[in-house]
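For reference, the structure is listed below as structure tokens.
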Amino acid sequence: MFIIFMIGCLVSSTYALDGADVVLSCSFVEEGGGMMGGMGGGGLFSRTPATLVLRDLPVDPDSDSALDSVTPFDPPEKPSADDLIFEVKGSSVEIPDADTLLHADCNEQEVNCEISHYIPRGSDPDAPPSHFIGSLQVEGGGISLTMVLQVLTNEEAASETLPLIQSKLELPLSQSGTLLTEVVFVVFSRSPSLSTPLGGDAQLDCGFRQRNSSHVGGLGLEWRLQHRGSGRKVLEMTKVEEGEEAGAGPTVSAGRDGASVDPALAVEEGNVSMSLTKLKVVDEGTYICTVTSGMFQTQQIVQLHIDQPPIVSLSEEMVVFQDEPAQRLSCHCKSYYPLDVQVEWLSLSSSEAEPIEISDGASLSSHRQHSDGTYSVTAQLTLRLSAHPPGTTVTCRVAHQALSAEVDVSTTVRLAPETDDNLYAIIVSLLVVIVGTVFFYQVMGGTN
């Protein structure tokens, strides 16, 4: 984890109209190689502490009346060649939901931050300008950003004083000891994780911004699904290159029924969010949104979780004891997803103030999976009058992540109505008299 830090929680009034500075503690990841080398981390990559400074993030002065007392970024008094400070100057590329980063520290949110080398498509790795890629994710459902940073020309290049060279990157630093960069391309998701019920619809949020509005070299989009070691292409959008069909727009091909992207929004607004309809269990997993525009290509990850609450019922509305010493009660939990479900039995007699958990005589069947991917399970409880006297309320309590609260279904222990012995004897006597009388008349009739 890399925690965001700022000099205070608020922005000075001097910067309220222009913007605010955000300083992030990051990790510089090496040995990744290629376009996306090192992003996501792992044991094969080395990590070096680094700092990312986002200068002049736009701030709405009316969004928070208390934005009036923070000092902007203060570079080190004595620059060091060993320090890794990436300073991102304000640029024409919008950083979406910048306020989320600005308020993360005050909201006690953590921000994951990684930076690594980046090689644009078709470029010479040794030719200037150098590029880096930064990944930012606000935990707890906040925005996730992947930014391509381009190194700016050193402001001291024309000076008689030789610039300080960063020891690891071998690039000239600014007079304040920072590596000056600007954002030239960013791919983001405002909802990197979402849960949707089975059979429902979902929109997987993904968008991009770039320095030049024209997509020189074409605009491309691919959505892929990765789940449990396997992957498949869900949707692809390609823009017809100039010269093939003049004026032709993007073409979208979907590998799943109900998957769609609005091509007009993609081109005009950079909105490449994908809609999915009639979700099934097989739609759950990690979706990778990869955007290609000209020489830049990067991606965002969106986690889609399928949730389906269990249908809970008891085998008996009322448990009635007559002569049997014990009875079995079943609690059925049907058609839920994902697998994990918790079932417990509780009893509350007239002499008890609080329900008591029952463990003796309780058992749980194996999980059964249905054709739609959902599960069912049955919990059973053996009830005895000695332990659960008449009037006892027995409850089956079920917990599952798709439930906003635990579900309780209850029944009551009863005795069968008692039969009056005297009434029984009278009925028997009457029957004997009636049968005897009928038999007598039959005999007498036969004699005559």
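The values are calculated or read from the model by the stated rules, or taken from the named source; none is laboratory data. Since the model is a prediction, treat every value here as computed from it, not as a measurement. Here Cβ is always computed from backbone atoms with ideal geometry, including for glycine, and neighbour counts include all displayed protein chains.
Annotations for the structure displayed:
- Each residue in the stretch 218-266 was checked for being modelled with pLDDT under 85 and under 23 Å from the mean Cα position of the chain (by Cα), and 2 pass.
- Which listed residue, of Val88, Val93, is closer than 14 Å to Leu136 by Cα, over 25 Å from the mean Cα position of the chain (by Cα) and in contact (Cβ under 8 Å) with a residue 60 or more places away in the chain: Val88
- Close pairs from the stretch 283-303: first assigned by TED's automatic domain parsing to the domain that holds Gly200 and over 14 Å from Arg209 (Cβ atoms), partner charged (D, E, K, R) and part of a strand (DSSP E or B), Cβ under 6 Å, at least 6 apart: Ile288/Arg224; Thr290/Glu222
- Of all residues making up the stretch 292-322, the number that are over 21 Å from the mean Cα position of the chain (by Cα), within 30 Å of Gln226 (Cα to Cα) and among the aliphatic types (A, V, I, L, M): 2
- Residues located in the stretch 255-284, provided they are more than 30 Å from Val93 (Cα to Cα) and either surrounded by 19 or more Cβ atoms within 10 Å (Cβ to Cβ) or touching a strand residue (DSSP E or B) at 6+ places or on another chain (Cβ under 7 Å) (or both): Gly255, Arg256, Gly258, Leu279, Val281, Asp283, Glu284
- Selection of first residues in the stretch 120-131 that are over 18 Å from Thr292 (Cα atoms) and assigned by TED's automatic domain parsing to the domain that holds Leu152 and of second residues that are aliphatic (A, V, I, L, M) and surrounded by 15 or more Cβ atoms within 10 Å (Cβ to Cβ), restricted to Cβ pairs under 7 Å at least 6 apart or on distinct chains, gives the following pairs, ordered by first then second residue: Pro125/Ile119; Pro129/Val151; Ser130/Val151; Ser130/Leu171.
- Filtered by the rule that a residue be part of a loop (DSSP other than H, G, I, E, B), touching a helix residue (DSSP H, G or I) at 6+ places or on another chain (Cβ under 9 Å) and within 15 Å of Gly218 (Cβ to Cβ), the stretch 248-266 gives a lone residue, Gly249.
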